[in-house]
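None of the figures in this text is laboratory data; all of them are computed from the coordinates on show. Please read these numbers as outputs of a predicted model, since none were measured by experiment. Because the Cβ atoms are built from the backbone with ideal geometry, glycine has one as well, and the counts that use them run over all protein chains shown.
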2 protein chains.
Amino acid sequence: MWGTFFGVGVGPGDPELITVKAQRILKWAPVICLPKSREDAGSYVRGIISHLIDPARQEVMELVFPMTKDRAQLEEHWAAATGKVVAKLRSGQDVAFVTEGDPFVYSTFMHLYAEVRDRYPNVTVEVVPGVSSITSAAAVAGLPLVDGAERLAVLPATYEGEQLTQVLRDFDTVVLLKVNRVFDRVLETLEKLGLADRAVFVSRCGSPQQRIVRDVRKLRGEELDYLSLMIVKK
Amino acid sequence: MWGTFFGVGVGPGDPELITVKAQRILKWAPVICLPKSREDAGSYVRGIISHLIDPARQEVMELVFPMTKDRAQLEEHWAAATGKVVAKLRSGQDVAFVTEGDPFVYSTFMHLYAEVRDRYPNVTVEVVPGVSSITSAAAVAGLPLVDGAERLAVLPATYEGEQLTQVLRDFDTVVLLKVNRVFDRVLETLEKLGLADRAVFVSRCGSPQQRIVRDVRKLRGEELDYLSLMIVKK
């Protein structure tokens with residue numbers, strides 16, 4: 001009998017924003033997987049869930065997923081991680097893979113999910129949704145996202161100026177994720193559209209390092225945190 | 001001293017998808033507000049949180065927000081509800097207003113939030129984000145929403161065919177909320193774009209009445225549940 005593979009969203013950073021279901025699964029799953037970006041780095045999600053884990057009963061596997069656009073390197077790491085997870089599942093152990101926010105919104109889990117579903121169709125996979133950084137950033141910023149007939153767009157930080165302009169024109173609310181990489185260019189577009197005053201920057205939402213900046217012009221030229229987003233509400 | 005006004009997201013319907021924070025607040029808040037659509041109807045959220053409430057210690061106020069597009073009627077109900085909430089806050093009691101999903105994504109709470117912020121700036125308001133029906137529907141349908149450079153659009157069911165066509169062309173994943181009202185027209189647009197096979201319908205996500213339909217053509221002409229959405233993933 002194979003174990004069950006759980007993808008567990010644990011919310012954006014505040015340990016209280018985990019769901020009761022995620023908490024239950026993380027307290028009993030024999031194997032807990034935590035993603036991290038470098039071999040010598042800590043895992044961001046460890047700080048959210050470490051109080052739930054009992055190292056005497058549970059095995060914690062840290063899996064490295066480097067922040068790179070090199071597709072071959074990424075696939076190598078996804079394959080290695082899948083191999084480790086599958087070995088545990090095959091031995092009958094349930095495995096809980098922890099993701100910041102929600103497992104189906106720009107997460108590393110999605111790659112392991114696809115591999116396991118495609119190559120091991122007999123494995124039961126359960127996805128536990130979590131509070132995403134999008135709605136929790138809106139909550140801490142006091143910025144209602146969408147109401148009534150309003151429309152919401154969510155974009156990662158990989159877009160051209162013209163595309164971004166179009167989306168900002170068409171949608172009532174636009175959330176730009178991982179905005180750190182392209183901040184100055186985005187600010188330029190916002191200025192052109194007269195929207196710089198309608199933007200709020202949030203990074204490390206819900207964690208002790210949380211930062212909320214309402215005058216986003218102040219951030220020009222700054223090196224920004226990776227876990228950052230901007231909400232533009234017209 | 002005024003009480004604190006909490007907007008508490010309790011997730012989409014599964015009582016286990018509530019956060020630890022929402023649970024803590026709902027267990028102690030002296031006044032709990034539950035929205036419902038008709039005087040003689042039950043409140044959908046009551047089923048999610050009733051096990052947390054102690055009627056001996058806590059007052060439960062049901063507030064009616066009718067499902068209508070009549071703006072004057074809506075404003076009358078928002079004002080009446082705000083009046084009831086403010087009376088409790090003024091007497092020093094903390095009030096927790098419960099919302100299905102997340103408080104800042106198409107919720108009734110947003111109107112009370114705006115009124116209280118504008119007219120009673122001395123009141124402390126805290127918004128507790130919740131798991132939205134968008135990511136939880138994706139989880140139960142086994143449909144990863146967005147990854148890498150992909151873009152997500154979320155629309156309520158108030159759009160014209162041409163606008164919808166444009167969004168379906170431009171975005172990788174489109175979530176159509178309250179799709180029950182316009183289902184047949186949406187299906188027509190999906191058929192024209194060759195996307196009917198890429199759509200999944202989910203209603204009452206996470207509740208005992210949850211329904212997942214992968215062949216959405218079967219739903220043509222059917223009277224559909226109000227708490228319904230469709231995910232279109234190209």
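Structure summary
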| read-out | value |
| --- | --- |
| Distances in nm from A:ARG220 to the matching label points in the other copies, shortest first (labels 7 Å along Cα to Cβ) | 5.6 |
| Computed magnitude of the charge dipole of segment B:5-128 (debye, nearest 20; Cβ of K, R +1, Cβ of D, E -1) | 260 debye |
| Prolate/oblate/rounded call for segment A:133-233, Cα gyration tensor, a/c under 1.5 rounded | oblate |
| Label point 7 Å beyond Cα along the C-beta direction, distances from A:GLN73 to other copies (nm, shortest first) | 6.0 |
| Computed [θ] at 222 nm, deg cm²/dmol, chain A (DSSP H ≥ 4; -39,500 (n - 2.57); rounded to nearest 500) | -9500 deg cm²/dmol |
| Kirkwood hydrodynamic radius of segment B:61-107, from inverse mean 1/r over distinct Cα pairs, in Å | 12.0 Å |
| Cα-projected label distance for A:GLU59 with A:THR4, points at 7 Å along beta-carbon direction, nm | 2.0 nm |
| Shortest-first nm distances, B:ASP40 label point to equivalent points in other copies (7 Å, Cα→Cβ) | 7.2 |
| Amide hydrogen neighbours beyond the local backbone of A:LEU227, cut-off 5 Å, H modeled | A:ARG204 |
| Using alpha carbons only: equivalent-ellipsoid semi-axes of segment A:5-128, gyration tensor based, whole Å | 20, 17, 14 |
| In segment A:179-234, chymotrypsin sites (Phe, Trp or Tyr not before Pro) in a DSSP loop with at most 15 other beta-carbon atoms within 10 Å | A:TYR226 |
| By average C-beta atoms within 10 angstrom, highest first, the peptides A:133-141, B:202-210, A:185-193 | A:133-141, B:202-210, A:185-193 |
| Summed side-chain charge close to A:LEU227 - residues other than A:LEU227 whose Cβ falls under 9 Å, Lys, Arg +1, Asp, Glu -1 | 0 |
| Expected-Rg normalisation [2.2 N^0.38 Å, Cα atoms] applied to segment B:159-201 | 1.02 |
| Euclidean distance of C-alpha centroids, segment A:174-234 and segment A:68-85, integer Å | 30 Å |
| Segment A:101-234: relative contact order as a whole-number percent, Cα under 8 Å and 6+ apart | 23 percent |
| Amide H within-cut-off set for B:MET61, under 5 Å, with H built and near neighbours excluded | B:ILE32, B:CYS33, B:LEU34 |
| Lys/Arg +1, Asp/Glu -1 at C-beta; chain B dipole; positive extreme among B:ALA80, B:LEU176, B:ALA22 | B:ALA22 |
| Number of partner chain Cβ atoms within 10 Å, mean per residue of A:95-104 | 3 |
| Alpha-carbon centroid distance for the pair segment B:121-167 / segment A:126-163, whole angstrom | 7 Å |
| D_trans [Stokes-Einstein, Kirkwood Rh over alpha-carbon pairs] for chain A, 37 °C, 0.692 mPa s, µm² s⁻¹ | 174 µm²/s |
| Loop sites in segment A:7-61: trypsin sites (Lys or Arg not before Pro), DSSP, at most 14 other Cβ within 10 Å | A:ARG38, A:ARG57 |
| Segment A:5-128: relative contact order as a whole-number percent, Cα under 8 Å and 6+ apart | 40 percent |
| Whether the protein assembly as shown is rounded, prolate or oblate, judged on the alpha carbon gyration tensor where a/c under 1.5 counts as rounded | rounded |
